[in-house]
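No value in this document is a laboratory result; all are computed from the given coordinates. Please read all numbers here as calculations on a predicted model, not as lab measurements. Here the Cβ positions follow ideal geometry from the backbone for every residue, glycine too, while neighbour counts run over all protein chains shown.
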Amino acid sequence: VVVEYVSMAANRELMQRELEVERQEIADDPAGETRELAGIYVQRGLDRDMAMSVATAMMRDPETALHAHARDELGVDPAQLGSPVQASVASFAAFAVGAMVPLVPWLFGGGTAAVVVSLIVGLLAALALGGGLAQLTRRSVVRGALRQASLLLVAFAVTSLIGRAVGSVV
């Protein structure tokens, strides 16, 4: 949770800094920034005259110009830089729910049976999560599911080895 907060906060601060640099460049060299924006539009398929006309119109208002440069040059939406608090809360909730799934079998039993059922339940959840995320991002569902399952198996193996190393018994 803390790592998510710090990561998101750092990314937001970096983007805010980039926007401030862009804002200053627009103020200091509007003609150069107009040409830069027009060049981006030419690369995207507009003819040079149309690109210059669009860029000139965008540059008339400093906030519109900043949004155009942020979106088309930096690839960010200044209005949606994200909230570190929301990201950390969402991360905490996701990890908490995800961590509970393999613990359910332990509520009803123990020993080797609980280990096996926990592993199976965890694998099914990982396959579903990985496949679902892949489908949302229009990537290979099989590959996404197998990637999540592989990560779960690695985590299972590492924690099992650590448990054995410290003398834990099931």
(request) Among residues belonging to the stretch 34-59 that are surrounded by 12 or more Cβ atoms within 10 Å (Cβ to Cβ) and of a type in the set (D, E, K, R), point out the one that is nearest to LEU14 (Cα to Cα). (result) GLU36
(request) May I ask you to verify whether GLU20 is in contact with an Asp or Glu (Cβ under 8 Å, 6 or more places away or on another chain) and more than 30 Å from ARG164 (Cα to Cα)? (result) no
(request) From ALA38, ALA55, ALA51, ALA65, grab the single residue that is among the aliphatic types (A, V, I, L, M), in contact with a Ser or Thr (Cβ under 7 Å, 6 or more places away or on another chain) and more than 27 Å from TYR5 (Cα to Cα). (result) ALA55
